[in-house]
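One structure below.
The values are calculated or read from the model by the stated rules, or taken from the named source; none is laboratory data. Quick caveat, the model's predicted, so the values are computed rather than measured. Here Cβ is always computed from backbone atoms with ideal geometry, including for glycine, and neighbour counts include all displayed protein chains.
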Amino acid sequence: MRMTRMAAAAAGVALIAGLTACGSEKADGDGGGGGGDKAGGSALQGALAALKKASTATDNQNSAKVEGVNNQTVQGKSMKTEMEGAFDWSGGGMKGEADLTMGAGQSAKARYLPDAMYVQPASSGGKWMKYDYDMLAEKGGASGAMLKDQMQNNNPARSVQLVLASGKVKALGTETVRGKKATHYSGTISVSELTRMQSKDLSEKDLDALEQQFKQQGLEKEKIDLWIDEDDLLVKKHETAKNADGSTSIDATNYYADYGTSVNVTAPPASATRDAGAMMSGGTRQS
């Protein structure tokens with residue numbers, strides 16, 4: 001089953017708003033990195049302690065406004081997606097709504113609920129397309145199962161937890177992010193490690209299939225940079241990954257603001273909604 005390009009973009013920006021990764025039960029600040037000299041160990045422990053505070057503070061806020069740009073290249077074909085929206089993760093996963101803009105002037109609105117994602121391209125005449133997460137998991141193989149897992153378990157605090165759990169992080173100093181003083185942290189994680197740390201409900205079969213997909217694409221490592229403000233809140237995230245020849249890559253940046261903002265989102269009217277499961281069972285052309 002293939003999603004339209006706009007639907008794939010809508011899913012991608014929501015995942016990256018939280019991070020294409022879920023937290024790990026190791027996210028307690030005791031990840032790897034116990035070795036090294038005393039000064040290096042002290043710096044690492046300081047960074048881990050700061051990120052632990054940021055994880056808790058960000059998770060407790062439950063919602064935020066998010067702006068982001070996602071540049072993705074797959075087999076030499078590039079797509080840029082810009083997003084502005086608001087998300088709520090009080091239920092564990094992401095719900096919210098966003099305005100999307102893709103290259104060549106394409107735009108759409110997206111709504112995210114616990115059981116499904118709804119996409120309304122500007123050219124649709126007001127019609128919404130529903131992408132049920134159970135349907136995507138059933139018909140989309142390991143990738144569909146991962147999408148469901150992430151949409152129902154993902155949130156911005158998880159990006160902090162992921163770097164924290166890896167134990168592979170360093171502080172790079174203080175910078176100003178949109179008028180706020182913030183400390184910059186950076187970590188690099190193997191894609192194999194990332195796949196297993198990011199997934200809460202995936203089967204071993206799906207995890208193995210995802211790892212194989214990443215290997216075929218030549219993706220080995222992902223670099224994650226986080227900026228944490230003086231209130232211990234995530235205000236910026238930048239993640240990058242690419243294969244050896246650059247034919248497959250991701251470069252995504254998100255900014256977070258107005259934590260605690262009210263997010264009220266409902267499913268579109270049934271009369272204005274089409275079900276992607278019924279329409280895409282045999283594959284659909286990308287728009």
Worksheet item: If we scan region 123-138, do we find a residue that is closer than 25 Å to residue 60 by Cα, modelled with pLDDT of 90 or more, small (Gly, Ala, Ser) and over 14 Å from the mean Cα position of the chain (by Cα)?
Response: no
Discussion item. Given the condition surrounded by 18 or more Cβ atoms within 10 Å (Cβ to Cβ) and over 16 Å from the mean Cα position of the chain (by Cα), answer yes or no: does some residue in region 93-106 qualify?
Written reply: yes
Worksheet item: Can you name the number of the only condition in (1) acidic (Asp, Glu); (2) part of a strand (DSSP E or B); (3) crowded, with 20+ Cβ neighbours inside 10 Å that residue 149 fails?
Response: (2)
Response to the item:
Of the residues in region 232-272, those that are out of contact with any strand residue (DSSP E or B) (no Cβ under 8 Å at 6 or more places or on another chain) and within 18 Å of residue 155 (Cα to Cα) come to 232, 264
Practice prompt. Please find, within region 94-122, the residue that is modelled with the lowest pLDDT out of those that are among the aliphatic types (A, V, I, L, M) and assigned to a strand (DSSP E or B).
Written response: 102
